[in-house]
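First the structure, in the form of structure tokens, and then the observations on it.
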Amino acid sequence: MTREQLIKLLEDIGAIRQGHFELTSGRHSATYIQCALVLQYPNHAEALGRAIAEKFRELGPSCVVSPALGGVIIGHEVARALGVRAIFVERDRSGQMALRRGFDLKPGERVLVVEDVWTTGGSTREAIGVVEQNGGLVVAAGAIIDRSGGRLELNIPARALLELEVPSFEPDDCPLCRTGSSAMRPGSRYARAGS
Ligand SMILES: [Zn+2]
């Protein structure tokens, strides 16, 4: 899959949208990314998983670990393509990321951490920490989209299928607001109440 084919797929499905959006962080952006919309189609999820797997196959991971919830489906598809198992980390009652449900790692087991989108990379960083605490060796990290434009520093080999430079702004500083348009919240079920 070329970069152009991938962008076209994501735009056709609405997983990447252009406009004026209020993100969950409260910041405004001209671009909205929601990978769940492409991952709802198993054939697309499988193809994306295969494409990520090929970037890391030679590193010989024997397990894929993903942060829940966003990373679970794509992590599972990457693992399917690699022929290895897929597990996930999730928050425990104290809010810390942890391996639960009886998931564990062998000492020194080679792990690929997979997520859907990197914005700050925080969830991937937390997942790396959990793998290390559990005795695993993180060999690399992969994602469908890196919206930091490739500026993320994870201290391990890290590659996304698509690097996008997606600026966001505090509402007071938003150039789109200054044109008189108002931001919409694409992730919420209800349209923002009119003024
Ligand atoms: Zn705005």
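Rule-based calculations on the coordinates, nothing more; no lab input. All values reported here derive from a predicted model rather than from experimental measurement. Note: ideal-geometry Cβ built from the backbone for every residue, glycine included; neighbour counts use all protein chains shown.
Observations
- Crossing angle, helix 42-56 versus the chain [Cα axis fit, 0-90 degrees, rounded to tens]: 60 degrees
- Of the chymotrypsin sites (Phe, Trp or Tyr not before Pro) in the range 96-195, the ones in a loop by DSSP (not H, G, I, E or B) with at most 13 other beta carbons within 10 Å are Tyr190.
- Taking max minus min of the alpha-carbon positions on each principal axis, the chain gives extents of 57, 40, 29 Å, largest first.
- Computed over neighbours whose Cβ is under 11 Å from that of Val84, the net charge equals +3, Lys and Arg +1, Asp and Glu -1.
- Considering only alpha-carbon pairs that sit under 8 angstrom and 6 or more positions apart, the relative contact order computed for the range 84-127 is 29 percent.
- Candidates Cys174, Cys35, Cys63, ranked by Gaussian network fluctuation over the chain, Cα under 10 Å, top entry: Cys174
- Summarising the strand pairing of the chain, around 35 percent of its internal DSSP beta bridges are antiparallel.
- Dividing the mean sequence gap of close Cα pairs (under 8 Å, 6+ apart) by how many residues the range 39-88 holds gives a relative contact order of 44 percent.
- Nearest 10 degrees, 0 to 90: helix 3-13 Cα axis against the chain principal axis: 60 degrees
- Computed lengthening from Arg101 to Leu137, 0.36 nm per intervening residue step minus Cα-Cα distance: 10.9 nm
- Cysteines, the chain, no other Cys beta-carbon under 4.7 Å: Cys35, Cys63
- Length available on full extension from Leu37 to Gln18: 0.36 nm per residue minus the Cα-Cα distance, which gives 5.3 nm.
- Here the contact order of the chain, divided by its residue count and restricted to Cα pairs under 8 Å and six or more residues apart, works out to 21 percent.
- Residue of Thr124, Thr179, Thr31 that the Gaussian network model of the chain assigns the largest fluctuation, springs spanning Cα pairs under 10 Å: Thr179
- Share of alpha-carbon pairs per 10 Å distance bin for the range 61-174, given as whole %: 15, 47, 28, 8, 2
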